[in-house]
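Worksheet for the structure shown next.
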Amino acid sequence: MDKLLEKLKEYLHMDTEIPFEEFSEYYRTLIAELNQTFGDLDKDARVKALYICSIVQSNAEARAKESKANAKAYKKISAKCAFWSDAIKFNLGKDGMSLEEIEQATEEINTNI
């Protein structure tokens, strides 16, 4: 998750929007990583994954409204990230984190970006 978070930080500091192809590739890398490693992620990595999913989801939602050509793809990306966000929150809750603690942990990441 660290590599994906570093790349996301890079994207968030850019002045221009990345093209659909690059956005889509980042998303595919994220989902592949989650599919392969989710069961082995520690709490810190899951919080990072939640943060990344929430950022990708909100960006995909915004892009779906702006891009007629790729709206369907962006909506699919947003829905898949929402699914993962819910799964991660559920999993963190099972590990004893309250919703408030989860929000605080993701906000801490946001502050450090």
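The values are calculated or read from the model by the stated rules, or taken from the named source; none is laboratory data. Remember, it's a predicted structure, so these values are computed and weren't measured experimentally. Cβ: placed from backbone, ideal geometry, glycine included. Neighbour counts: every protein chain shown. Heads up: the accessible areas ignore ligands, DNA and RNA and are worked out on the full protein's heavy atoms, side chains in. Shrake-Rupley method; radii C 1.70, N 1.55, O 1.52, S 1.80 Å.
Residue-wise test of (1) more than 13 Å from the chain's Cα centre (by Cα); (2) closer than 14 Å to Leu5 by Cβ.
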| residue | (1), (2) |
| --- | --- |
| Ser24 | no, no |
| Thr29 | no, yes |
| Lys43 | yes, no |
| Tyr51 | no, yes |
| Ser54 | no, yes |
| Gln57 | no, no |
| Ala60 | no, no |
| Tyr74 | yes, no |
| Leu99 | yes, no |
**Prompt:** Which of the residues belonging to segment 4-49 are farther than 25 Å from Asn70 by Cβ and not polar (S, T, N, Q)?
**Reply:** Glu6, Phe38, Gly39, Asp40, Leu41, Asp42, Lys43, Asp44, Ala45, Arg46, Val47, Lys48
**Asked** Would you pick out the residues in segment 87-111 that are outside any helix (DSSP H, G or I) and over 13 Å from Asp44 (Cβ atoms)?
**Response** Gly96, Ser98
**Asked** If a residue has to be aliphatic (A, V, I, L, M), touching a helix residue (DSSP H, G or I) at 6+ places or on another chain (Cβ under 9 Å) and outside any helix (DSSP H, G or I) to count, how many in segment 1-59 make the cut?
**Response** 3
**Fill in**
Being open to solvent by 90 Å² or more (accessible area, probe 1.4 Å) and not basic (Lys, Arg) narrows Asn59, Asn35, Asn70 down to just Asn35
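Could you list, in sequence order, the residues of segment 4-29 that are hydroxyl-bearing (Ser, Thr, Tyr), open to solvent by less than 50 Å² (accessible area, probe 1.4 Å) and more than 16 Å from Tyr51 (Cβ to Cβ)? Spell out how you get there, then give the answer.
Here is the first cut: in segment 4-29, the ones hydroxyl-bearing (Ser, Thr, Tyr) are 11, 16, 24, 26-27, 29.
Of the ones still in play, those that are also open to solvent by less than 50 Å² (accessible area, probe 1.4 Å) are 11, 24, 26-27.
Listed by number, the list holds a single entry, Ser24.
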